[in-house]
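What follows draws every value from the coordinates through simple rules; no lab data is involved. Just so you know, these numbers come straight off a predicted model, no measurement behind them. Virtual Cβ from ideal backbone geometry, glycine too; neighbours counted across all protein chains shown.
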Amino acid sequence: MAQSTTNSTKNTAKINWLSICQLDDIVPNMGCCALVSNASNKARQIAIFRIVSLQGEEQLFAVDNYCPFSQANIISRGIVGDLNDKIVVASPLYKQHFELSSGQCIEDKSVRLNNYAIRLNGSTVELALSSLTAAPKQEQQKNPQLKQEEK
């Protein structure tokens, strides 16, 4: 099965990665929530999605779990799908769609979720600690990994 990492940086040598969970802990084409702390030890909820294409290619995405429309941490519970060849999640309450690769809201271009560097290291899903302080540039790279802590 082909796997690719999303929202990752090219130079991973200087990045500290936080183990979130095992890949099998995330149901394919669903999301889960990880509670992580940033550099200032402030807790933040991150929605992590494991997307499997019809061809069997897997991708991981990490965006804020907080929905700015409903003002609730619910993005990880949203329904994933495809709109105009973009992989999106629909917020469960008011149904706004957010592109998983960028966090951009499809219906309101002025709204965007932060997205985070994520990778798979063996079978462990990891989140880049440096990406918790600022939203990283969008890139794709092979091999995703993270550790899940639900709240």
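Key figures
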{"quantity": "For CYS67, distant residues with modelled amide H under 5 Å away", "calculated": "ALA72, ASN73, ILE74, ILE75"}
{"quantity": "Backbone HN-Hα couplings from phi across region 80-85 [Karplus 6.51/-1.76/1.60, Hz, Gly and Pro as x]", "calculated": "8, x, 10, 10, 6, 6"}
{"quantity": "Cut-off under 5 Å, modelled amide H: who pairs with ASN121 long-range", "calculated": "GLU126, GLN145, LEU146"}
{"quantity": "In order through region 91-108: 3J(HN,Hα) via Karplus (6.51 cos²θ - 1.76 cosθ + 1.60), integer Hz, x for Gly, Pro", "calculated": "4, x, 8, 9, 6, 5, 9, 10, 5, 5, 6, 10, x, 5, 6, 6, 7, 9"}
{"quantity": "Dipole magnitude of region 46-108, debye to nearest 20 (Cβ charges: Lys/Arg +1, Asp/Glu -1, about Cα centre)", "calculated": "240 debye"}
{"quantity": "Gyration tensor verdict on region 31-101 (Cα atoms; rounded if a/c is under 1.5, prolate if a/b is larger than b/c, oblate otherwise)", "calculated": "oblate"}
{"quantity": "Phi-based couplings in Hz for region 63-72 (Karplus 6.51, -1.76, 1.60; Gly and Pro marked x)", "calculated": "9, 4, 7, 7, 8, x, 7, 8, 6, 9"}
